[in-house]
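Everything below concerns the one structure shown next.
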Amino acid sequence: MLANRTQPVRRTVRPKGKPVTPSANTISIAPSDSAQADRFEPLEPTSEFLADLAEQSARLESATPEEIIAWAAAQYAPRLTMATAFGPEGCVILSMLAQLAPKTYVFNLDTGYQFQQTLDLRDRIADKYGIQVDMLKPDLSVPEYEVLHNGPLYKTNPTQCCMDRKIKLLHRGTHGMHAWMSGIRRDQSADRAQAPIVGWDKKFNLVKISPLANWKKQDVWKRILDEGVPYNPLHDQGYPSIGCWPCTRAMQEGETDERSGRWSGTAKTECGLHSPQEIDGSGI
Ligand code: SF4
């Protein structure tokens, strides 16, 4: 049995004693619930708090993803959220959340450049699991954004484009939250190889939980096929990693990195959501 030991540390004073642990099914606070979100006290990453997170992460190394998610829900709900791009890992986590914490607030960064197959997955997930993923949109529509920048910015400055159409949305989606979950795996890339199960995400000032960090690609696909988890049909057409359509291509012969089709032909390898860099979202 996994114990809940990480205590939230507030900006003002570390609470004494164990806080009331909400039910895993407590409805999360969506950013639109601004009154509640504005009342919250963000966590403060004191050295004591970070040491405790590291201890929890080490302890969870041998836990299953379900145990990690259950721990996260017990520890942080209703201020626990998940961002998903409807990749295979995200769909697996959604299938687990449906069992463990179905009212967790889940959102998608709806950049306006996603594949239709990706958008369709939202409804397939809702039909199967009853989880309604909130599609967060940038302030400007794609036409407005492209007029503002005299054309598609993904061609000339993809880092800024990701900042405007992804990272700002993640800040919005996690407003009022203490922790967020992502589907990253350590074997996806060198950049992700050091990802802890639980750690402090200093870019977003949140606890970040990666329940699948220890899983391999084959573990994810075994679960999908064994349990009939909905997935993006583009994966069957040579796209192991899917982002926005202008910045995603199918893998080519001889390529081994499953993310080689993302921002192909540029030095960019990540949108910045999972990087430790603070400002421009580049470099991963
Ligand atoms: S992945 Fe491409 S289109 Fe999507 S936000 Fe980033 S640069 Fe823009």
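Each reported figure results from applying straightforward, stated rules to the coordinates on display, with no laboratory input. Small disclaimer: the values here were computed from a predicted structure and weren't measured. Neighbour counts are summed over all protein chains in view; Cβ atoms, including those assigned to glycine, are modelled from backbone coordinates with ideal geometry.
Structure notes:
- Neighbour-count order for ILE125, ILE209, fewest beta carbons within 10 angstrom listed first: ILE125, ILE209
- Ordering GLU67, GLU144 from the fewest to the most neighbouring beta carbons within 10 Å gives GLU144, GLU67.
- Peptides 165-176, 88-99 ranked from most to least packed, by the mean per-residue count of other Cβ atoms within 10 Å: 88-99, 165-176.
- The range 42-237 shape via C-alpha gyration tensor axes, a/c threshold 1.5: oblate
- Exposure proxy ranking, count of Cβ atoms within 10 Å, fewest first, for LEU234, LEU140, LEU80: LEU140, LEU234, LEU80
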